[in-house]
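Take a look at the structure set out below.
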Amino acid sequence: MNTLWQDLKYGSRMLRKYPGYTSVALLTLALGIGANTAIFSLVNATLLRRLPVAQPENLVYVFSGVPGSVFSYPDYSEMRDQNQVFDSMIAWGGITASLNTDGQTEGADLVLGAIVTGNYFEDLGVRAELGRVISPEDDRVPGGHPVAVISHGLWQSRFGGRTNIIGEQLLLNGQRFAVIGVAPVEFGGAELGVTRDIYVPMMMQAVMRPPRAGYSGEMNPDLLQVRANRWLFSIGRLKPGVTSDQAQAGLAVIAKQQEDAFPNTNRNRSVRLTAVNDGDPTQRTQMISAAALLMSVVAAVLLIACANVANLLLARASARRKEIALRMALGASRGRLFRQLMTESALLAVMGGGAGLLLGWWLVEALKAAPPPPGALPITPDFALDVRVLIFTLVLSLTTGIVFGLAPAFRASRPNLVPALKDESFVLDERTRRFSLRNILVVAQVALSLVLLIAAGLFLRSLQQAQSISPGFDAAKLLTVPLNINLLRYTRPQGREFYRQVVERVEAVAGVESASVARVVALSGGGSVRSLLIEGRDGSDNVFRSEGGGAGADGLTSVSSNVIGFKYFETMGIPLLHGRDFNTQDSEERPRVVIVNEAFVRRHFGDQDAINHRLSFNGLQGPWQEIVGVARDS
């Protein structure tokens with residue numbers, strides 16, 4: 001230990017003696033380690049972190065079929081009450097809520113929340129930081145307990161961390177809710193990567209998850225009775241001694257009973273379990289490839305940094321040849337000198353790791369502070385630099401020290417004593433110069449840099465080409481505004497009148513040529529898929545088999561569709577090639593009509609005219625909808 005302490009003190013003096021060399025090396029290492037730390041914190045938040053709940057090893061996600069498929073409330077409640085494999089089974093559905101507080105003069109805030117069963121917090125083992133959590137008693141009577149638990153983040157950001165928040169009234173979707181508790185700081189919900197700010201009882205569904213009155217009308221607002229509407233995620237806690245395979249077999253029996261009793265809604269609905277500690281499988285599928293790409297890029301940056309610092313160490317070793325030779329002449333062994341040089345490298349790496357950790361923290365904070373895209377909810381994973389990130393940075397720093405310090409230390413601890421003591425320049429023959437270690441490191445740096453530059457160039461070229469592709473409409477002059485009237489439970493007439501007034505007022509604004517509404521905004525990433533039949537065709541010919549579609553639950557290939565308002569094509573700049581546009585005569589009281597694009601006509605009608613043919617989105621029973629127009633592809 002005394003020798004190690006001497007090595008550390010001597011190494012510190014040498015680093016202070018040459019501040020320019022030390023600063024360049026530290027800056028190089030900080031960039032490489034900081035980039036790796038920031039990206040690893042993202043991977044940690046989305047793929048590696050465990051849910052902060054009690055005994056997570058006993059919890060499994062329960063999916064209605066393939067991973068990601070969800071339950072209806074009747075299906076969930078039957079599985080919860082009839083299974084013999086779980087100690088408990090919870091369910092929740094994601095919601096967005098319009099949040100106002102007393103005295104708020106500006107528009108409502110849109111917050112992300114969850115509507116949860118009464119046993120949600122209790123069975124996850126999550127206790128409130130302040131107040132209490134939702135209990136089974138809060139979740140017995142529909143509409144009977146308008147209470148809410150808020151997240152720690154919302155408590156701090158919106159309410160300043162006031163301890164008298166308990167009992168305060170919030171306006172959620174226009175109805176008053178009493179705050180009964182604040183969730184602990186580490187808990188953001190039962191899904192990693194998504195932080196929920198509001199939790200309300202399942203029995204408040206009619207208020208918090210109202211029907212989509214804007215385009216679906218006054219359908220039954222009580223989704224707790226609708227078996228066909230699947231919207232709930234579920235987690236089960238295994239009984240002692242029950243394995244995941246045994247639990248899946250037991251739930252499969254219940255699923256088969258539901259299929260036999262309700263074939264119209266539960267056909268081919270199996271059950272799939274995955275361990276909560278393995279993460280959400282749908283999230284992992286989306287993130288693993290992206291994480292691998294990002295980690296590969298920053299690893300290449302770190303290797304370039306290591307090669308750069310190794311070259312600096314070789315240059316320093318050349319300048320210290322006389323010092324090292326003198327120490328060897330006085331009796332120091334090569335092993336002792338090698339350890340001294342490696343200690344200096346490790347010290348430099350740890351200092352670079354500390355600077356890299358600060359840079360990584362700054363990058364993480366910048367990422368968290370970045371505003372979401374327009375119209376998007378602020379869904380932000382917890383990128384906190386936790387113990388796992390700190391250990392990663394420490395191990396990475398020490399490994400980096402070994403990588404860049406090993407070869408220079410080995411080379412420097414074997415000097416040619418006589419020329420070094422005489423301070424003579426060491427003459428290399430042509431072959432040695434050509435294949436020196438420094439040249440190899442330079443070649444490695446150039447090669448790695450070239451790989452990154454080529455990849456970046458290809459990315460930029462792809463981006464440039466993507467931006468030059470015409471989307472089929474005039475994107476340069478379009479502005480979009482997200483609207484969500486469903487949260488305030490508009491009826492169909494109220495929703496229709498709201499949209500009419502919005503379009504009318506927007507068109508009255510100076511500089512606006514045209515305005516319309518649409519359920520799905522072009523290039524937004526959203527969409528609606530539906531099965532389609534063409535009247536007068538039987539067998540496989542009557543199915544619209546879209547090249548980009550996927551098979552629906554009934555085995556039919558799905559197609560993309562959109563619901564649009566008047567003058568949509570005019571506003572988007574998409575010309576109608578044949579037929580007519582929608583007009584005010586196309587009301588619910590008249591036969592339904594649709595507009596298709598060129599690709600649809602080309603695929604299913606060839607050279608025939610598609611106008612006046614009829615389609616059905618609801619199987620052979622209809623209603624049938626007449627094609628009245630053909631729009632240009634977009």
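The values are calculated or read from the model by the stated rules, or taken from the named source; none is laboratory data. Treat the numbers as computed from the prediction; the structure is a model and nothing was measured. Don't worry about glycine lacking a Cβ; one is built from the backbone with ideal geometry, like all the others, and counts go over all protein chains shown. These accessible areas exclude ligands, DNA and RNA; they are computed on the full protein's heavy atoms, side chains included. Shrake-Rupley method; radii C 1.70, N 1.55, O 1.52, S 1.80 Å.
For the stretch 475-533, what does the alpha-carbon gyration tensor say about shape, rounded, prolate or oblate, given a ≥ b ≥ c as the root eigenvalues, a/c under 1.5 as rounded, and a/b over b/c as prolate?
Oblate is the answer for the stretch 475-533, as a/c is 1.5 or above yet b/c matches or exceeds a/b.
For the stretch 455-543, give the magnitude of the charge dipole about the Cα centre (Cβ charges: +1 Lys/Arg, -1 Asp/Glu; no others), in debye to the nearest 20. Provide the component values of the computation, followed by the final result.
On the way: 10 positive and 8 negative charges, 68 e Å.
It works out to roughly 320 debye.
Using the Kirkwood formula over every pair of different C-alpha atoms, what hydrodynamic radius in Å results for the stretch 173-212? Walk me through the numbers before you get to the answer.
Details: mean 1/r = 0.0828 Å⁻¹.
Mean inverse Cα-Cα distance, inverted, gives 12.1 Å.
In Å, what Rg and Dmax follow from the Cα atoms of the stretch 40-171?
When restricted to Cα atoms, the stretch 40-171 yields Rg and Dmax of 17.1, 52 Å.
Nothing charged except the Cβ atoms of Lys and Arg (+1) and of Asp and Glu (-1): what's the magnitude of the dipole of the stretch 145-280 about its Cα centre? Round to the nearest 20 debye.
On the way: 14 positive and 11 negative charges, 37 e Å.
Roughly 180 debye, rounded to the nearest 20.
Using only the alpha-carbon atoms of the stretch 225-292, report the extent along each of the three principal axes, biggest first, to the nearest angstrom.
45, 32, 20
Quick check: net charge around K567, other residues with Cβ under 11 Å of its Cβ, Lys/Arg +1 and Asp/Glu -1? Walk me through the intermediate numbers first.
Values: positive: none; negative: E507, E513, E570, D581.
Summing Lys/Arg as +1 and Asp/Glu as -1 gives -4.
Report the Cα centroid-to-centroid distance between the stretch 558-634 and the stretch 323-359 in angstrom, as an integer.
After rounding, the separation between the Cα centres reads 74 Å.
Highest mean first, how do 574-587, 451-464, 297-310 rank when packing is the count of other Cβ atoms within 10 Å averaged over residues?
Per-residue Cβ counts within 10 Å, averaged per peptide and sorted highest first, yield 297-310, 574-587, 451-464.
Treating the stretch 570-623 as a set of equal point scatterers at the Cα positions, no solvent, please give the Debye-formula log₁₀ I(q)/I(0) at q = 0.24, 0.30 Å⁻¹.
Each listed q corresponds, in turn, to -1.17, -1.28.
Just how far, in whole angstrom, is the stretch 266-291 from the stretch 43-99 if you go by their alpha carbon centroids?
11 Å
Using label points projected 7 Å from each Cα along Cα→Cβ, tell me how many nm separate E365 and S524, to one decimal.
3.5 nm
What whole-number value in Å² describes the accessible area per residue of the stretch 493-536 for a 1.4 Å probe?
Here the per-residue accessible area is 66 Å².
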